[in-house]
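Okay, so here's the structure we're looking at.
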Amino acid sequence: MVSSSIVLRQCRLIGSDADDLADIAIAQGKITAIAPQLPDRAPTEIDVAGQLVSPPFVESHIHLDSVLTVGQPRWNRSGTLFEGIEIWRDRKQNISLEDVKERAIAALKQQAQQGVLFVRTHADVSESSLTALKALLEVRDAVKDWLALQVVAFPQDGVYTSPDNEELLEESLRLGADAVGGIPHYELTREDGVRSLQRIFALAEKYDRLIDIHCDEIDDDQSRFLEVVVAQAVKTGMGEKVTASHTTAFASYNNAYALKLMGFLRRTQINFIANPLINITLQGRTDTYPKRRGVTRVKELWQAGQNVSLGHDCIQDPWYSLGTGNMLEVAWMAVHVCQMTGTDEIDACYDMVTGHGAQTLNLGDRYGLTVGRPANLIVLEASDRYDAIRRRPAVRTVIAQGQILAQTQPALTQWLLAGDRPASTVGIITDSKGVRPPRLD
């Protein structure tokens, strides 16, 4: 029997009853035992003290090639998707391998210390140099010991808007991209959009890759490429490997059409990704009032049994100037924007940044708090999923592939109003010379 290298004591496992605590043993990078009280000792023992232990967060959708570029070369004054694309078109003329790698790794470290250990990033492959893609493939290798990164070949400018883009997309797959992407609503015509999706599915079958489409990320209720994605998934049988990202136009469809589309969705288990932080700010920009929320029908898709996960999309770039990389912020926004305030709905929003994201990324048995699986887990200063989303506490400990990756000490607040506490506890603060200030009482 292999001896444990790490044992976590008194863990409140995600989804377990409040009074059920367990120990978790880790050896050789895997979870080797989970039981109420494990007798064996380990070189490293962590007293979790009843805090929440969860599988790590999953970032289902981000653009690491553009992170941390806000204001370069200018700010997005209109706040629209299309101005963001124009700004990025200018900014990417000057990107280099080192520029992309430095920013991407900085963002991944920021996310990892907040419990994100699985990430799917899109790489713009509309430039002949394929600099963004090559850089992110190098990043994938550089971080592999502590984070699993998937890279999507994403033709930001469309597959058929330029003579070279189709070949650049296929070359990206030959270079090793994990998934093939598209943006059919940005093609020149509806017919080109349909043709691009047909080509994407053909490439995915040829190279045995996943699919993740930027689909109908627009307020236009006549942008209806999701039905084409569904049709291709049904015809090819690739459903579980297919993801429709954004689908914001779905929120603008009339209910008669939306219900028909929901019926089609039952025929294939494609995945959906919503990005509530950015789509609540990008969408509805041309509306007066009432303004659309701009986020796809997350609640209805979840109620219908479709797999829905959540992502940031952007962190401090031409499309979104904010963001910290914290997936609890994404889930918190989803609770509000999608009106998922019931207890089971709040729990579902937490699942959308953990297990549902793992399903989107097709992780299989590489993810989860199960004996025999890789030891990737986080300790949250929370009692359950509701508490985690409500307070968005710090992730105390991050364990990646059986190693302690990061630990964070939560901020400590002391109440100093003398009348509300015993006098003996007041006056503990000292000045720079170590002299206590006058007592408050």
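The values are calculated or read from the model by the stated rules, or taken from the named source; none is laboratory data. No experiment lies behind these values; they were computed from the predicted model shown. Please note: Cβ atoms are built from the backbone with ideal geometry, for glycine as well, and neighbour counts cover all protein chains shown.
Kindly establish whether VAL180 is under 19 Å from the mean Cα position of the chain (by Cα) and touching a residue at least 12 places away in the same chain (Cβ under 8 Å).
Details: under 19 Å from the mean Cα position of the chain (by Cα): yes; touching a residue at least 12 places away in the same chain (Cβ under 8 Å): yes.
Judged against the criteria, VAL180 is a match.
Just a yes or no: is a residue in the stretch 125-141 buried (at least 19 other Cβ atoms within 10 Å of the Cβ), in contact with a strand residue (DSSP E or B) (Cβ under 6 Å, 6 or more places away or on another chain), within 25 Å of GLY237 (Cβ to Cβ) and touching a residue at least 40 places away in the same chain (Cβ under 8 Å)? No - not one qualifying residue is present in the stretch 125-141. The set of residues in the stretch 71-94 that are more than 22 Å from VAL119 (Cα to Cα), of a type in the set (A, V, I, L, M, F, W, C) and in contact (Cβ under 8 Å) with a residue 12 or more places away in the chain comprises TRP75, LEU81, ILE85, ILE87.
When the stretch 182-199 is filtered for residues that are under 21 Å from THR80 (Cα atoms), touching a strand residue (DSSP E or B) at 6+ places or on another chain (Cβ under 6 Å) and not in a loop (DSSP other than H, G, I, E, B), only GLY182 remains.
Which members of the stretch 229-249 meet the condition of being over 21 Å from LEU328 (Cα atoms), at pLDDT 95 or above, in contact with a strand residue (DSSP E or B) (Cβ under 9 Å, 6 or more places away or on another chain) and outside any loop (DSSP other than H, G, I, E, B)? Lay out the reasoning, then the answer.
Of all residues in the stretch 229-249, those over 21 Å from LEU328 (Cα atoms) come to 229-244, 247-249.
Among the residues that remain, those that are also at pLDDT 95 or above are: 229-238, 240-244, 247-249.
Checking which are in contact with a strand residue (DSSP E or B) (Cβ under 9 Å, 6 or more places away or on another chain) leaves us with 229-230, 232-233, 236, 238, 240-244, 247-249.
Residues satisfying the conditions are VAL229, VAL230, GLN232, ALA233, THR236, GLU240, LYS241, VAL242, THR243, ALA244, THR248, ALA249.
Taking the numbered list (1) assigned to a helix (DSSP H, G or I); (2) without any contact (Cβ under 8 Å) to a residue 24 or more places away in the chain; (3) over 30 Å from LEU380 (Cβ atoms) in turn, PRO163 passes all entries but (1).
Cβ-Cβ contacts under 7 Å between residues 6 or more apart (or on different chains), taken from a first residue in the stretch 230-242 that is surrounded by fewer than 20 Cβ atoms within 10 Å (Cβ to Cβ) to a second residue that is among the acidic types (Asp, Glu), are listed as THR236/GLU205.
Taking ARG293, is it charged (D, E, K, R), assigned by TED's automatic domain parsing to the domain that holds ALA244, over 16 Å from GLU83 (Cα atoms) and surrounded by fewer than 24 Cβ atoms within 10 Å (Cβ to Cβ)? Yes: the conditions hold for ARG293. Tallying residues that are charged (D, E, K, R) and free of Cβ contacts under 8 Å to residues at least 40 places away in the same chain within the stretch 142-160 yields 1. Restricted to the stretch 329-378, and to residues there that are of a type in the set (Asp, Glu) and crowded, with 16+ Cβ neighbours inside 10 Å, the residue that is farthest from GLY402 (Cα to Cα) is GLU345.
With part of a loop (DSSP other than H, G, I, E, B) and under 27 Å from the mean Cα position of the chain (by Cα) as the only criterion, which of LEU64, LEU8 stands out? Can you show your working first?
Numbers: LEU8 fails: part of a loop (DSSP other than H, G, I, E, B).
Only one candidate qualifies: LEU64.
Within the stretch 431-439, identify whether any single residue is modelled with pLDDT of 95 or more and touching an Asp or Glu at 6+ places or on another chain (Cβ under 8 Å), and answer yes or no. Steps first, please.
First, pick out the residues of the stretch 431-439 that are modelled with pLDDT of 95 or more: none.
No, the conditions are met nowhere in the stretch 431-439.
Considering the stretch 102-124, the residues that are of a type in the set (Lys, Arg) and without any contact (Cβ under 8 Å) to a residue 40 or more places away in the chain include one that is surrounded by the most Cβ atoms within 10 Å (Cβ to Cβ), namely ARG103. Annotation note: of LEU13, LEU68, LEU8, the sole residue that is touching a helix residue (DSSP H, G or I) at 6+ places or on another chain (Cβ under 7 Å), in contact (Cβ under 8 Å) with a residue 40 or more places away in the chain and among the aliphatic types (A, V, I, L, M) is LEU68. Taking (1) outside the structural domain of LEU108 (by TED's automatic domain parsing); (2) surrounded by fewer than 13 Cβ atoms within 10 Å (Cβ to Cβ) in turn, PRO73 satisfies each apart from (1).
No other residue among ASP145, ASP141 is among the acidic types (Asp, Glu), farther than 14 Å from THR69 by Cα and assigned to a helix (DSSP H, G or I) apart from ASP141.
Here are some residues: LEU301, LEU328, LEU261. Which one is over 30 Å from VAL234 (Cα atoms) and not in a loop (DSSP other than H, G, I, E, B)? Give the derivation first.
Numbers: LEU301 fails: over 30 Å from VAL234 (Cα atoms); LEU261 fails: over 30 Å from VAL234 (Cα atoms).
On inspection, the qualifying residue turns out to be LEU328.
Within the stretch 341-373, the set of residues being closer than 26 Å to GLU300 by Cβ, over 17 Å from the mean Cα position of the chain (by Cα) and not in a helix (DSSP H, G or I) comprises THR341, GLY342.
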